[in-house]
C-alpha cells in the first residue's frame, strides 16, 4: 500500500463545474488528470465546498459529489479524493501506517472554524491514527504577502489566534492552520511557499481574476 497525491496547476485545466466553464471541457480535464495521476475517473469523490467545517467520511458507496462539506476522509483503497481551490488552501493529510487519507478545503472561514483540527481529530478518534504518524501538506494558495482583509477581520484574527498572524491588514492563513494542528500534537507539516496571486506560477487565483477556474489537490490510497 502507498499513498499517492498531487496538486494540479492551471496547465491541467479547470476542474470545477461551478465556474461557468463548459461541462464537457471540465470532464475532459478530469479524465486527462485521472490518466496522468493514475486513478479511476469514475471513482473520484469531490465536494460542493461551502466554506464550513463539515468533514465527511466516505467509502465506495458514497455519492461522488458530497454536498455541503469542506473535508472528506477515507480508509478505502483506490478511492481518489479531490479538493478544488483558487487561492484557498488545499490541504492533504494522510497516515501511511493506518491507510487513511483526507482532502480539506481551508479558506478563511473554514480555517477560522478549525477544519484542520476537526479533520485530524477524526483521523485520530475514528480511524485510530497516531498523531505522530499524520503527515499534512498545505498546497499552493494565497499567502500573507497578498491576503489582505478588512480591518474588522484582521482584528478577529489578532484576538482569536494571535498578533503573529496579522501584519497590518494581511493575515497568515497557513500559519493559523499550522498552529491549530500543533495544538493537538500534529507537527509533521509541509507548507508550500507558492502564492497563487503573485508568484506568476500556473495556478488559478480568484483574487487575481474573479472569472477563473479551479486547480486541485488529489489524494488516494493505492494498493
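Figures for the structure shown
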item: Cα gyration tensor shape of the range 54-173, rounded if a/c is under 1.5, else prolate or oblate by comparing a/b with b/c; result: prolate
item: Highest-fluctuation residue, 83, 157, 149 considered, GNM on the chain with Cα pairs under 10 Å; result: 149
item: Cβ-based exposure ranking for 4, 89, in which fewest neighbours within 10 Å come first; result: 4, 89
item: Difference of contour (0.36 nm per residue) and Cα-Cα distance, residue 200 to residue 43; result: 53.2 nm
item: For the range 1-63 and the range 87-129, distance of Cα centres in Å; result: 17 Å
item: MRE, 222 nm, helices only [DSSP H, n ≥ 4, -39500 (n - 2.57), over the chain, to nearest 500]; result: -7000 deg cm²/dmol
item: Anisotropy class of the chain from Cα gyration tensor, a/c 1.5 cut; result: oblate
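Rule-based calculations on the coordinates, nothing more; no lab input. Predicted model only: the values in this text are computed from it and were never measured. Note that each Cβ is placed from the backbone with ideal geometry, even for glycine, and that neighbours are counted across all protein chains shown.
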